[in-house]
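The values are calculated or read from the model by the stated rules, or taken from the named source; none is laboratory data. All of these numbers come straight from a predicted model, not from anything done at the bench. Cβ sites come from the backbone with ideal geometry, for glycine too, and all protein chains shown count toward neighbours.
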């Protein structure tokens, strides 16, 4: 009975301040965010980066098969036009196959470099070249097999690898060529499409999880789709730590978590020493797809325990300015040379907005 009364008194004390000892009420800490603003990429920069307009004509490449006919001159036409649809041993329509060097061999003209041309451009070119031998030539060009369309699917796909397609496709269609995405291990926030040396600003979370078809861009042959593992998630810390000159530190996430103080500690900012740049004016650039967010964080008060923590997101750029700055323009001017050193690792938003202009 005594034990029951003790439990009742304890429950009363926790539930009702007026019953027994007063309960301890935790006071939430203030946010460390001093200022916050958001921005989207300029539409012209976005169009230049992504391209792939709906009316964009197909450009031929190595492995494609073409039929070419010259009106009134069957001796210059490819067999199916002249003879009625002859197929090759592989089962597809025979014709001019573009070699690996992007050329074809055409009667009278010889070797013709056509890789990267549209059928209309090739038609005009052949008519111009044949005009030396044929009076007012009329040329018809048709692509009958697209053997040059290929995509590279890397990372957390059930069937990654080199994938071929019989036609140009959009991002979701290309991803389906790799089976399914292993969402429990995939880092959609850091996934990207690479085209040449450029990463495209696509938000895979909005595409895959929210069904945002605005992210379902038209791909080009040779595009790389990479969906990394969550263990590769990281943030980037720039600034001058105590006893060091300006430095760059790449800090990995642990079990998908990383806060600002942990990142600063990993970069060499000692918790016991506040005289290490302008911690009270710490800047964070966060971006995904074509959207960016800019935070000003009072990390000095975080060190003192006066404000709450600030959770980082994969790809965040953290900058502790060495001296007082007047605003974001000055911060970016100081940060830009350091960004260049890790440009290949940064998010497409940062690459396009600050490093490719």
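Residue by residue, here is whether (1) at positive phi; (2) crowded, with 17+ Cβ neighbours inside 10 Å; (3) outside the structural domain of residue 70 (by TED's automatic domain parsing); (4) in contact with a helix residue (DSSP H, G or I) (Cβ under 9 Å, 6 or more places away or on another chain) holds:
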site: 103; (1), (2), (3), (4): no, no, no, no
site: 106; (1), (2), (3), (4): no, yes, no, yes
site: 113; (1), (2), (3), (4): no, no, no, no
site: 118; (1), (2), (3), (4): no, no, no, no
site: 122; (1), (2), (3), (4): no, yes, no, no
site: 130; (1), (2), (3), (4): no, yes, no, yes
site: 159; (1), (2), (3), (4): no, no, yes, no
site: 172; (1), (2), (3), (4): no, no, yes, yes
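Being at pLDDT 90 or above, over 22 Å from the mean Cα position of the chain (by Cα) and more than 30 Å from residue 48 (Cα to Cα) narrows it down to one residue among 272, 301; which is it?
301 is the lone residue from the list that is at pLDDT 90 or above, over 22 Å from the mean Cα position of the chain (by Cα) and more than 30 Å from residue 48 (Cα to Cα).
Each row is one residue, and each column tells you yes or no for (1) assigned by TED's automatic domain parsing to the domain that holds residue 286; (2) part of a loop (DSSP other than H, G, I, E, B); (3) surrounded by fewer than 20 Cβ atoms within 10 Å (Cβ to Cβ).
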residue: 178; (1), (2), (3): no, yes, no
residue: 184; (1), (2), (3): no, yes, yes
residue: 189; (1), (2), (3): no, no, yes
residue: 194; (1), (2), (3): no, no, yes
residue: 202; (1), (2), (3): no, yes, no
residue: 207; (1), (2), (3): no, no, no
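Residues of the stretch 281-300 being over 18 Å from residue 339 (Cβ atoms) and without any contact (Cβ under 8 Å) to a residue 40 or more places away in the chain, which ones?
Across the stretch 281-300, the qualifying residue is only 300.
Consider residue 126 carefully, then state whether it is within 17 Å of the chain's Cα centre (by Cα) and assigned to a helix (DSSP H, G or I). Even if it seems obvious, please write down each step before you answer.
Working: within 17 Å of the chain's Cα centre (by Cα): no; assigned to a helix (DSSP H, G or I): yes.
Considered against the rule, which asks whether it is within 17 Å of the chain's Cα centre (by Cα) and assigned to a helix (DSSP H, G or I), residue 126 comes out as no.
Mind counting the residues in the stretch 155-207 that are closer than 23 Å to residue 43 by Cα and touching a strand residue (DSSP E or B) at 6+ places or on another chain (Cβ under 9 Å)? It would help to see each step written out before you state the result.
Here is the first cut: in the stretch 155-207, the residues closer than 23 Å to residue 43 by Cα are 169-172, 189-207.
This time we only want the ones that are touching a strand residue (DSSP E or B) at 6+ places or on another chain (Cβ under 9 Å), so: 169-171, 189-195, 199-206.
Of the residues in the stretch 155-207, 18 are closer than 23 Å to residue 43 by Cα and touching a strand residue (DSSP E or B) at 6+ places or on another chain (Cβ under 9 Å).
Is it the case, given these coordinates, that residue 312 is within 25 Å of residue 40 (Cα to Cα), buried (at least 22 other Cβ atoms within 10 Å of the Cβ), modelled with pLDDT of 90 or more and under 20 Å from the mean Cα position of the chain (by Cα)?
Values: within 25 Å of residue 40 (Cα to Cα): yes; buried (at least 22 other Cβ atoms within 10 Å of the Cβ): yes; modelled with pLDDT of 90 or more: yes; under 20 Å from the mean Cα position of the chain (by Cα): yes.
Against the criterion (within 25 Å of residue 40 (Cα to Cα), buried (at least 22 other Cβ atoms within 10 Å of the Cβ), modelled with pLDDT of 90 or more and under 20 Å from the mean Cα position of the chain (by Cα)), residue 312 qualifies.
Go over the candidates 263, 241 one by one and state the one that is surrounded by 15 or more Cβ atoms within 10 Å (Cβ to Cβ) and modelled with pLDDT under 90.
Details: 263 fails: modelled with pLDDT under 90.
Answer to the check: 241.
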